[in-house]
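The values are calculated or read from the model by the stated rules, or taken from the named source; none is laboratory data. Note that the coordinates shown come from a computational prediction; the quantities given were computed from them, not determined experimentally. Backbone-built Cβ (ideal geometry, glycine too); neighbour counts: all protein chains shown. Just so you know, the surface numbers come from the protein's heavy atoms only, side chains and all, with ligands and any DNA or RNA stripped out. Shrake-Rupley method; radii C 1.70, N 1.55, O 1.52, S 1.80 Å.
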Amino acid sequence: VLRQAAEHPGTALVEIYQNCNIFNDGAFEILKDKEQAEQAVIRLEHDQPITFGTDRSKGVVRDPATGDLHIVDITDTNRDRVLVHDAHSTSPTTAFALARLADPATLHHTPIGVFRDVERPVYDTLMADQLDTAIEQNGKGDLATLLA
């Protein structure tokens, strides 16, 4: 995640779960314990079904009536409803909904990974293009002439 954030042009936000001995000692123990983490952590991988659990028996589905995301036990009847993660979706809706899945008290259903990876022009590129267009249309310009 850190490598992808560093390589991403523009802004990248990374949330890091780090223990603080004073303010939240032991807050992330469930995520450190391998067995508990298998049940609690939802690893997001682009273009893969959003499933988790020791036997991948739990999944994330969208409620057709409300659009909310829910955790379900995967069965033959709902297997086709399990969401496939699309980190490149132009809409941030699903990424925001995934971020809200985690139970803040227990950290169960905590998604980790790249929630959204969208390439758009960044400020520097847009500004350079705008300056190039202005020079192309009006010439390079002369500060002394402008001041006079």
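Miscellaneous remarks
- Surrounding net charge for Ile135, when Lys and Arg each add one and Asp and Glu each subtract one, Cβ distance under 15 Å: -3
- Spin-label model, Arg100 to Asp25: label points 7 Å out along the Cα-to-beta-carbon direction sit 3.5 nm apart.
- Counting charges near Ala5 (Lys, Arg +1; Asp, Glu -1) among other residues having Cβ under 12 Å from its Cβ returns a value of -1.
- Chain lengthening between Gln18 and Ala65 when straightened (0.36 nm per residue, less Cα-Cα): 13.2 nm
- Positive contributions from Lys and Arg (+1) and negative ones from Asp and Glu (-1), summed over other residues with Cβ under 9 Å from the Cβ of Asn19, come out at -1.
- Amide hydrogen proximity for Ala87: with H placed 1.01 Å from N in the peptide plane, the residues at 5 or more positions away or on another chain lying under 5 Å are Asp47.
- Of Arg81, Arg120, Arg100, the order by accessible heavy-atom surface (1.4 Å probe, DNA, RNA and ligands excluded), from most exposed downward, is Arg100, Arg120, Arg81.
- Overall shape: oblate for the stretch 1-88, with the ratio a/c of the largest to smallest alpha carbon gyration tensor axis at 1.5 or above and b/c at least equal to a/b.
- Comparing Cα centroids, the stretch 25-62 and the stretch 78-148 end up 26 angstrom apart.
- When all protein chains stay in place and ligands, DNA and RNA are ignored, the 1.4 Å accessible-area order of Tyr123, Tyr17, largest first, is Tyr123, Tyr17.
- Options (i) 44, 21, 12; (ii) 68, 21, 13; (iii) 30, 18, 12 - which one matches semi-axes √(5λ) of the Cα gyration tensor in Å as calculated here: (i)
- Normalised per residue, the accessible area of the chain is 75 Å², obtained with a 1.4 Å probe and no contribution from ligands, DNA or RNA.
- Karplus-derived HN-Hα couplings along the stretch 114-124 (A = 6.51, B = -1.76, C = 1.60, θ = phi - 60°), whole Hz, x at Gly and Pro: 8, 6, 8, 9, 10, 9, 9, x, 9, 3, 4
- Positive-end residue, the stretch 1-143 charge dipole about Cα centroid, Cβ charges, pick of Thr90, Thr110, Ser57: Ser57
- Helix-only [θ]222 nm of the chain, DSSP H runs n ≥ 4, -39500 (n - 2.57) each, per residue, nearest 500: -8000 deg cm²/dmol
- Per-pair calculated FRET efficiency, R0 = 41 Å: Leu126 and Glu38 via Cβ, rounded to 0.05: 0.40
- Within the chain: Cβ-based charge dipole about Cα centre, in debye rounded to nearest 20 (Lys, Arg +1; Asp, Glu -1): 160 debye
- Of the solvent-accessible surface of the stretch 6-102, computed with a 1.4 Å probe over protein heavy atoms with every protein chain present, carbon and sulfur atoms account for 49 percent.
- Distance between the pseudo-spin-label points of Arg3 and Leu147 (7 Å out from Cα toward the beta carbon): 5.1 nm.
- Measuring r between the beta carbons of Asp76 and Asp55 and using R0 = 25 Å, the FRET efficiency lands at 0.95.
- Per-residue SASA entry for Glu15, accessible area with 1.4 Å probe, Å² rounded to 10: 140 Å²
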